[in-house]
There are 2 protein chains.
Amino acid sequence: MGKKIVVIGGVACGPKSASRARRLDPEAEITIVEKGELLSYAGCGLPYFLSGEVKDSKELMETPVGVVRDTVFFKNAKDINVMNNTLAETIDTKKKVVSVVNVKSGEKADLPYDKLVLATGGMPFVPPIPGKDLNKVFTLCCIEDARAIDTIIDKGDAKKAVIVGGGLIGLEVTEALIARGLEVTIVEMMDWILPQLFEFEMSAFLEKHLISKGVKLMTGTTVKEIKGDGAGNVTSIITDSGEVPTDLVILAVGTKPNDKLGADAGLKVHEKGGLIVNEKMETSDPDIYSGGDCVVQKEIVGGKTVYVPLGSTANRHGRVIGTNLVGGKDTFKGICSAAIMKAFDFSAGKTGLSEADCKKAGIDCVTTLAISPDKAHFYPTAKPIGIKLVADRKTRKLLGAQIIGPGDVSKRIDVATTAITFGATVDDVANLDLAYAPPFSPALDNITTAANIVRNKIDGFAKSLSPMEVKEKMDKGDDFVMLDVRMPFELEEQGKMPWDNTIHIPLGKLRSEIDKVPKDKEIIAFCKISLRGYDAQKTLEGFGYKDVKFMDGGIVLWPYEKR
Amino acid sequence: MGKKIVVIGGVACGPKSASRARRLDPEAEITIVEKGELLSYAGCGLPYFLSGEVKDSKELMETPVGVVRDTVFFKNAKDINVMNNTLAETIDTKKKVVSVVNVKSGEKADLPYDKLVLATGGMPFVPPIPGKDLNKVFTLCCIEDARAIDTIIDKGDAKKAVIVGGGLIGLEVTEALIARGLEVTIVEMMDWILPQLFEFEMSAFLEKHLISKGVKLMTGTTVKEIKGDGAGNVTSIITDSGEVPTDLVILAVGTKPNDKLGADAGLKVHEKGGLIVNEKMETSDPDIYSGGDCVVQKEIVGGKTVYVPLGSTANRHGRVIGTNLVGGKDTFKGICSAAIMKAFDFSAGKTGLSEADCKKAGIDCVTTLAISPDKAHFYPTAKPIGIKLVADRKTRKLLGAQIIGPGDVSKRIDVATTAITFGATVDDVANLDLAYAPPFSPALDNITTAANIVRNKIDGFAKSLSPMEVKEKMDKGDDFVMLDVRMPFELEEQGKMPWDNTIHIPLGKLRSEIDKVPKDKEIIAFCKISLRGYDAQKTLEGFGYKDVKFMDGGIVLWPYEKR
């Protein structure tokens, strides 16, 4: 008889590990236990079903050629038994038995195993807000949620929605609901949206875009209560900055791991939740593997333990587990906590460490803000992307990237992730032989240019201040001159800096009009994107100016009000 | 007085090295000598000017904010002297003097230098075909060529065009001329288009697309003569497979380095042409640097010396040279020979070594053909890309990638280049934490999946034949069975294999109908993309079949006729 393999969880990591194990071991007896009706569906696709981009929720359960992955499919195509509508209640790790119950019939069974996989996933964290159980208050966890919301909108029963939580899912749902004609307000407790992915100045760039699309943002705002009418339907939310009427509330404040089954069985759990696994994806019991949204994992850079539930990682985990289940040897080294999202006409992605992460970890980091077209600037479909790179000053290694804009973000995030994974320095990144043609990138790719700016900073050639540092100086009333080296027509187009002591001399006239720039003051040069700002710094230094810097990211990435 | 720096060549590498040197050394006296009128123009943009996508050829000479990079710009903004319309005739390396002549006035001058940069670029190779000097026979080298062709088309003086050479530039021009309403025939000497970038089966995938767009392909065809009328205008080309009437001929058979000036000065030149430089971009004379389209360079993988002229590399060279010119220390480690192009609705890119390169170099390589949607398959804009990966069987290192299709090719090429640069194995690539969301990639990115197939092959789990190997067996009349495991509806949609001994059993029925598959024959399984084909191989092996393989790439990447 073959090895008995029981897999608990039928969405991503579970079916992947089962399928992999089947391919490598035709003898194994493999059973998937899934508490829901449906298997192997693409939970990440729910916002796109809600928006109408995915027409039928069935598409989220099909293989690319349109086969629905149901119990019959798994049995016939893969000889894998699937017990759906079945809840795993307890694990006896000594006897190696899982006790399950059919949630429809109530029938119970004991499933013996040689190897067990916990792929129990995660679930939306529901904050303990009064009113959270009212009608038309949802999380977006499964297809049923999405269908229910869809029906409400179809019937015209919701004109206004409040999204509690400005994270990835909150923003994806926002876009979907705007597409369906709703008025949407995002309430985010932190001071800016996507606080776990982006730092203030990058998030600000995205916030401007969301606002231009009609999204109402209430950041730094806490929801106190959800109010309803006599019929139990939601009517408003009460926040610490006022009441917001609404017909629909989506709670999207985060995901938490379904680790209880494992924890109850005595498996090691992280203090903040999530099963702990080693590189082989073994839990603290070597006969029990775990992966996907129920485990914590290690970041490749810095080694921090994090909870980052993603369908992509779940699938990678599944393959490693599938190999190891049947005696193979595979390992999963960790993640870069890379993430990406589409938000209307913008994309926003991040990978690796942020500047704040570095500060917490005591790493002396150098950062840059660079914004430029994602294709040759003369190519008609070129669109800007803004990049924040974070690098280690001492080792010169690239540690992280945050990239936002209407241009091609995902390519540069994936290149950054790959570079970070292999310990690339900014010097390495700057000389990567990225494939060039005008429809795909500038001759020097954006990430190359950003890496070069970091090199210039580390090497002491480029001296800059972040927009936040400039703002702080403004607020303190420091005595400094802003030197605007843009062409005259750009000032109206792009806006002006809110600083009276600003001198405007286009770069091409700077040498001939150098006398207009005071030599005894601190000079902060800038242009649209601060490439000419850097040139201005070097020019002034050439004329003997001692205290010159440029402002990172130029006026385009200035995150505050302009004139 | 500052260091005297003379830069010969004002297009890409030259201005970049001059600008970089200026930023690092305000004292240096920097002069650019350019034989043409125009500076710093984007030669790679010419096809897009020709197509009409770039409206005004001036855009190719402007900075992103619309400043034309003329002699005044360089002087005022960067304090760099530019002598345009000026030809460098000789270099006296002992006296360290360049002799130049103004091509308009005939005025001569001697320019002394401390450090010299040769950024003399490349020029189209013009094959010695009788008739090459007829009217309306062009190369696409500079803006003047593009403008002349543009005028001919505008006047309606060309309805038919022949492109001699099916390389990058030939194809870009083809698309431009088709966009302008011309009938275009490509004549390529080799057996398939883009022979220097792609191997047969990948090129075939692109060829089908070109043909669907109305392009006439004459591969394996040599041009013998270009014929003209009494007025000296081209009327046809004569090839070894017949005469092709035409009103316009573009010769695009390759670029050769402008290395004569350096060679005459005694600098080391590669046997096939191109100045030889070291990692510091120094020529054999340490006071003379060179970069861009006039040098040969090293491939990072394998270390082969190659001539790959690209605007991106020229810019990277320029930065390294600029740093070293003024006493800094920077190096350029080499290239992956990465390249990409847009061809109508397809993109096509390659990086690193091909299977043929490996065979030449004696590397035992493993390859795969994988084709799948570039985004979550349920996402409406998902489009397929086909990937050929090449890896070293022994070291498991990724050595090369060729990627073609309507989906996002450029991201995966750049990820592959980055991975190859840092010596990643296919195991590393498979577990890269590439950023996932449905609008950007499948949960397991295409390159991850392709890497996993290679791993399965190296580890002996997956056994496959390339389509060429299958075709060879067909042509030899071998006794084997093709096992088609697709759904019935797919057969009409995707076509059938041209092999009588084909059994059709959808994967879901394979286990129950296993008796229909003969146990004593060689079985070659396939489906649309051969993912189910691989499953079929594993299923049959599970039932004790000994001689089972699947066909790489499935029917979608079958490069020959279908039924």
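May I ask you to list the residues in region A:298-310 that are within 10 Å of chain B (Cβ to nearest Cβ) and either buried (at least 23 other Cβ atoms within 10 Å of the Cβ) or among the hydrophobic types (A, V, I, L, M, F, W, C) (or both)?
Passing the criteria: A:300, A:308, A:310.
Applying the selection to region A:204-217, what residues are within 19 Å of the chain's Cα centre (by Cα) and in contact (Cβ under 8 Å) with a residue 60 or more places away in the chain?
Within region A:204-217, A:204, A:205, A:206, A:209, A:210 meet the criteria.
Within region A:144-163, is even one residue in contact (Cβ under 8 Å) with a residue 40 or more places away in the chain, assigned to a strand (DSSP E or B), surrounded by fewer than 20 Cβ atoms within 10 Å (Cβ to Cβ) and of a type in the set (Lys, Arg)?
yes
Which one is farthest from the chain's Cα centre (by Cα), of the residues in region A:2-14 that are modelled with pLDDT under 95 and within 12 Å of chain B (Cβ to nearest Cβ)?
Out of the qualifying residues, it is A:2.
Would you mind stating whether residue B:561 is part of a helix (DSSP H, G or I) and out of contact with any Leu (no Cβ under 8 Å at 6 or more places or on another chain)? Break it down into steps so the answer makes sense when it comes.
Values: part of a helix (DSSP H, G or I): no; out of contact with any Leu (no Cβ under 8 Å at 6 or more places or on another chain): yes.
So residue B:561 fails the test.
Pick from region A:426-440 the residues that are at the interface with chain B (Cβ under 7 Å from one of its Cβ atoms) and farther than 17 Å from residue B:300 by Cα: which of them is surrounded by the fewest Cβ atoms within 10 Å (Cβ to Cβ)?
Residue satisfying both the conditions and the ranking: A:439.
Restricting to helices (runs of 4 or more DSSP H) lying wholly in region B:438-546: which have 1 or more residues that are under 30 Å from residue A:54 (Cβ atoms)?
Working: elements: B:446-458, B:467-476, B:488-494, B:507-510, B:531-542.
The qualifying helices (runs of 4 or more DSSP H) are B:446-458, B:488-494, B:507-510, B:531-542.
In region A:164-181, which residue that is under 24 Å from the mean Cα position of the chain (by Cα) and in a loop (DSSP other than H, G, I, E, B) is nearest to residue A:308 (Cα to Cα)?
Top of the filtered list is A:167.
Every residue in region A:465-503 that is within 14 Å of chain B (Cβ to nearest Cβ) and either more than 26 Å from residue B:67 (Cα to Cα) or in contact (Cβ under 8 Å) with a residue 24 or more places away in the chain (or both), please.
Across region A:465-503, the qualifying residues are A:484, A:485, A:486, A:490, A:494.
If residue B:509 meets every condition in (1) within 14 Å of chain A (Cβ to nearest Cβ); (2) over 18 Å from residue A:65 (Cβ atoms); (3) surrounded by 12 or more Cβ atoms within 10 Å (Cβ to Cβ) apart from one, which number is that one?
(2)
When residues of region B:112-136 are filtered for being closer than 25 Å to residue B:189 by Cβ and more than 24 Å from the chain's Cα centre (by Cα), how many remain?
Looking only at that region, the number is 9.
Condition check ((1) of a type in the set (A, V, I, L, M); (2) in contact with a helix residue (DSSP H, G or I) (Cβ under 7 Å, 6 or more places away or on another chain); (3) over 30 Å from residue A:193 (Cβ atoms); (4) not assigned by TED's automatic domain parsing to the domain that holds residue A:12) across all residues:
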{"site": "A:270", "(1), (2), (3), (4)": "no, no, no, no"}
{"site": "A:279", "(1), (2), (3), (4)": "no, no, yes, no"}
{"site": "A:284", "(1), (2), (3), (4)": "no, no, yes, no"}
{"site": "A:293", "(1), (2), (3), (4)": "no, yes, no, no"}
{"site": "A:300", "(1), (2), (3), (4)": "yes, yes, no, no"}
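Among the numbered conditions (1) in contact (Cβ under 8 Å) with a residue 24 or more places away in the chain; (2) more than 7 Å from chain A (Cβ to nearest Cβ), tell me where residue B:68 comes up short.
Failing condition for residue B:68: (1).
Does region B:368-386 contain at least one residue that is in contact with a Cys (Cβ under 8 Å, 6 or more places away or on another chain) and modelled with pLDDT of 95 or more?
The answer is no, given that none of the residues of region B:368-386 is in contact with a Cys (Cβ under 8 Å, 6 or more places away or on another chain) and modelled with pLDDT of 95 or more.
Given (1) out of contact with any helix residue (DSSP H, G or I) (no Cβ under 6 Å at 6 or more places or on another chain); (2) surrounded by 19 or more Cβ atoms within 10 Å (Cβ to Cβ); (3) aromatic (Phe, Trp, Tyr), identify the lone condition not met by residue A:200.
(2)
Examine region A:30-46 for a residue that is over 33 Å from the mean Cα position of the chain (by Cα) and within 14 Å of chain B (Cβ to nearest Cβ), and state whether such a residue exists.
Yes, because at least one residue in region A:30-46 is over 33 Å from the mean Cα position of the chain (by Cα) and within 14 Å of chain B (Cβ to nearest Cβ).
For region B:272-284, name all the residues that are crowded, with 19+ Cβ neighbours inside 10 Å, more than 18 Å from residue B:124 (Cα to Cα) and either of a type outside the set (Val, Ile, Thr) or touching a Cys at 6+ places or on another chain (Cβ under 9 Å) (or both).
B:281
Can you name the residue in region B:292-306 that is assigned to a loop (DSSP other than H, G, I, E, B) and not basic (Lys, Arg) and is also farthest from residue B:419 (Cα to Cα) among such residues? I'd like the intermediate steps shown before the answer.
Here is the first cut: in region B:292-306, the residues assigned to a loop (DSSP other than H, G, I, E, B) are B:292-294, B:296, B:300-304.
Next, from what is left, pick out any that are not basic (Lys, Arg): B:292-294, B:296, B:300-303.
Details: B:292: 24, B:293: 25, B:294: 28, B:296: 23, B:300: 12, B:301: 11, B:302: 15, B:303: 17 Å.
Among residues in region B:292-306 that are assigned to a loop (DSSP other than H, G, I, E, B) and not basic (Lys, Arg), the one farthest from residue B:419 (Cα to Cα) is B:294.
Within region B:333-371, work out how many residues are buried (at least 23 other Cβ atoms within 10 Å of the Cβ) and within 7 Å of chain A (Cβ to nearest Cβ).
Result for region B:333-371: 8.
Okay, residues lined up against (1) in contact (Cβ under 8 Å) with a residue 12 or more places away in the chain; (2) away from chain B (no Cβ under 14 Å); (3) within 23 Å of residue A:168 (Cβ to Cβ):
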position	(1), (2), (3)
A:269	no, yes, no
A:280	yes, no, no
A:293	yes, no, yes
A:315	yes, no, yes
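Please go through region A:429-452 and pick out each residue that is free of Cβ contacts under 8 Å to residues at least 40 places away in the same chain and under 23 Å from the mean Cα position of the chain (by Cα).
A:429, A:445, A:448
Only one of these conditions is not met by residue B:84: (1) modelled with pLDDT of 95 or more; (2) surrounded by 16 or more Cβ atoms within 10 Å (Cβ to Cβ); (3) of a type outside the set (Ser, Thr, Tyr). Which number is it?
Exception for residue B:84: condition (1).
Of (1) more than 12 Å from chain B (Cβ to nearest Cβ); (2) buried (at least 24 other Cβ atoms within 10 Å of the Cβ), residue A:327 satisfies all except one. Which?
The number of the failed condition is (2).
Can we say residue A:531 is modelled with pLDDT of 95 or more and buried (at least 18 other Cβ atoms within 10 Å of the Cβ)? Lay out the reasoning, then the answer.
Values: modelled with pLDDT of 95 or more: no; buried (at least 18 other Cβ atoms within 10 Å of the Cβ): yes.
No, not satisfied.
The values are calculated or read from the model by the stated rules, or taken from the named source; none is laboratory data. What you see is a predicted model; the values in this text were computed from it and never measured. Every residue, glycine among them, receives a Cβ derived from its backbone with ideal geometry; neighbour counts consider all protein chains shown.
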